[in-house]
């Protein structure tokens, strides 16, 4: 699965109709609603503000709207385009200014799909994967050993140094069988090792 790094806006014109696409990260439905109302206010004179929202992985929340376009000609095709690129935790709003030429249901399906696809192809995407968080606490003398062993195989990591060293790693869950073996190798040289339940996390490039 993937999500978008930041909000992006693109525009296409089809038979004199303008389609303005806003694609942006969304982790809560309230986030989408705030953005949607802002877009409606900005383009108050537009004919349609169609949208699709996808939040979560398992379960996946989906919501979409044709906003006055013929049933099934806008919201659903937009949602299917997000699905095509395995996108979640994002929303897309396509604002249409009618140009005087009717596109027909088939033409609208293609237009809204193309508008969303154009935005996706212009966006920076981030990967969402299932990871297992692991927190390791050790003395300073063990720090280099732990970092050397796990830094290169972790999806993300961070550490703090106070009286002891606390390191947090996020490992791809599918690799945990091997990680568990490596944890056992260092268990008795560390003060604490905690392995948590898997979660879905957006992974930023290091």
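Structure notes:
- Selection status of residue 73, in contact (Cβ under 8 Å) with a residue 60 or more places away in the chain, more than 10 Å from residue 94 (Cα to Cα) and buried (at least 17 other Cβ atoms within 10 Å of the Cβ): no
- Pick from the stretch 116-134, criterion in a helix (DSSP H, G or I) and touching a helix residue (DSSP H, G or I) at 6+ places or on another chain (Cβ under 8 Å), ranking: nearest to residue 76 (Cα to Cα): 116
- Within the stretch 182-204, residues that are under 25 Å from residue 89 (Cβ atoms) have Cβ atoms under 8 Å from residues that are outside any strand (DSSP E or B) and modelled with pLDDT under 90 in these pairs: 200/58, counting only partners at least 6 apart in sequence or on another chain.
- Filtered residues of the stretch 56-72 (kept if within 29 Å of residue 102 (Cβ to Cβ) and either touching a strand residue (DSSP E or B) at 6+ places or on another chain (Cβ under 9 Å) or outside the structural domain of residue 30 (by TED's automatic domain parsing) (or both)): 62, 63, 64, 65, 66, 67, 68, 69
- Consider the stretch 57-70 and keep the residues that are closer than 21 Å to residue 199 by Cα and without any contact (Cβ under 8 Å) to a residue 60 or more places away in the chain. The one that is surrounded by the most Cβ atoms within 10 Å (Cβ to Cβ) is 62.
- Any hit, the stretch 74-86, residues being in a strand (DSSP E or B), under 19 Å from residue 27 (Cα atoms) and modelled with pLDDT of 95 or more: no
- Taking first residues from the stretch 147-162 that are within 14 Å of residue 176 (Cα to Cα) and in the same structural domain as residue 199 (by TED's automatic domain parsing) and partners that are outside any loop (DSSP other than H, G, I, E, B) and modelled with pLDDT under 90, the Cβ contacts under 7 Å between residues at least 6 apart in sequence or on separate chains come to 155/203.
- Tallying residues that are under 30 Å from the mean Cα position of the chain (by Cα) and in a loop (DSSP other than H, G, I, E, B) within the stretch 135-194 yields 2.
- Restricting 94, 53 to those that are under 17 Å from residue 10 (Cα atoms), modelled with pLDDT of 95 or more, in the same structural domain as residue 115 (by TED's automatic domain parsing) and not in a helix (DSSP H, G or I) reduces the list to 94.
- Selection within the stretch 76-113 - without any contact (Cβ under 8 Å) to a residue 60 or more places away in the chain and under 21 Å from the mean Cα position of the chain (by Cα): 76, 77, 78, 79, 80, 81, 82, 83, 84, 113
- Verdict on residue 116 being assigned by TED's automatic domain parsing to the domain that holds residue 25 and without any contact (Cβ under 8 Å) to a residue 40 or more places away in the chain: no
The values are calculated or read from the model by the stated rules, or taken from the named source; none is laboratory data. What you are looking at is a predicted structure, and each value in this text was computed from that prediction instead of being measured. Note that each Cβ is placed from the backbone with ideal geometry, even for glycine, and that neighbours are counted across all protein chains shown.
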